[in-house]
Structure formats: C-alpha cells, structure tokens
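The values are calculated or read from the model by the stated rules, or taken from the named source; none is laboratory data. Please read all numbers here as calculations on a predicted model, not as lab measurements. Here the Cβ positions follow ideal geometry from the backbone for every residue, glycine too, while neighbour counts run over all protein chains shown.
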Amino acid sequence: MDASWVRSSAIDESLARRALTPDQSEIAAILFKALSEPVRVRLMSLIASHRDGEASVSELAEFFDVTQSNISHHLRALREAGLVIARKRPPWTFYRADPRTLTFLSHLLDPAVEASLAPAEAAIAPQ
C-alpha cells in the first residue's frame, strides 16, 4: 500500500473538537499501527532531529543493537504508512519525515491548533 491515502484525506479538526470520520479513523489507525513499535518511534525521532533532516540506514543503525536489515524493515513500514519519504542517492537511501503526514497527526491530536487547516489539507491533497 502506498501513502496516497494521506494525500487524499481531508483534515478538518482535532479529536478534541470533532469526532473523526470513518476515513480519518482508518488513516489514523494505519499511522498509529506503524508507530506501535518503540524502534519505529525512535527512528522517527532520529530522522526528524537529524542535522540534515534526513538520514541513511547506516546512520540510523548506529543507534540500535539490531542489524541494518532490521532497521530497513522498520523504515519500510514507516514509508508504507506514509510517515517517511525515501530518496535514493546511490549507493544509499535517505529517509526524511513526511511533513504532510506529520501535519495530519499534529492537527488530529492537538486541540490547541487554532490556525486554519486549509494549508495542511492542501499539502496532502492528490497532486
């Protein structure tokens, strides 16, 4: 499954302001499932905080006591859920947090979000 479901989703308000639609609930479940592994949560944190905003598998593997293959497996799950974007620059693949998906999650969960959600919705709309 590709991440096109994120771009086709409408964001309207946070959970604190309005109940999710069935489509939004499905999207949120996919994202939360992808983040249900502590390794994946840490990978997201490492990628988002990386000095260049993106990191390779070998850079990320230094922080774990698992194989690069295992890290690649977790990155694939994050990519398929739409949480990270992969960019190939042979011989490496670099991963960056997808700002559209992070915007979706932040607007979904943050009741203090007061700004218009139209820019976030436009960012994830199909291209």
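Is it the case that some residue within segment 109-118 is within 14 Å of GLN24 (Cα to Cα), at pLDDT below 95 and assigned to a helix (DSSP H, G or I)? For segment 109-118, residues within 14 Å of GLN24 (Cα to Cα), at pLDDT below 95 and assigned to a helix (DSSP H, G or I): present.
Conditions tested, residue by residue: (1) under 23 Å from ILE27 (Cα atoms); (2) basic (Lys, Arg); (3) at pLDDT below 95.
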residue	(1), (2), (3)
SER49	no, no, yes
GLU59	no, no, yes
VAL66	no, no, yes
HIS74	yes, no, no
VAL84	yes, no, no
LYS88	no, yes, yes
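Taking first residues from segment 82-93 that are under 16 Å from SER58 (Cβ atoms) and partners that are loosely packed, with under 13 Cβ neighbours inside 10 Å, the Cβ contacts under 8 Å between residues at least 6 apart in sequence or on separate chains come to TRP92/SER58; THR93/ARG87.
Looking for whichever is among the acidic types (Asp, Glu), surrounded by 15 or more Cβ atoms within 10 Å (Cβ to Cβ) and in contact with a strand residue (DSSP E or B) (Cβ under 8 Å, 6 or more places away or on another chain) here; the options are GLU59, GLU54. Which one fits? Answer to the check: GLU54.
Suppose the filter is modelled with pLDDT under 90 and not acidic (Asp, Glu); does LEU15 pass it? In short, yes. From the list ALA29, ALA61, the one residue that fits, being over 29 Å from ALA19 (Cβ atoms) and out of contact with any Lys or Arg (no Cβ under 9 Å at 6 or more places or on another chain), is ALA61.
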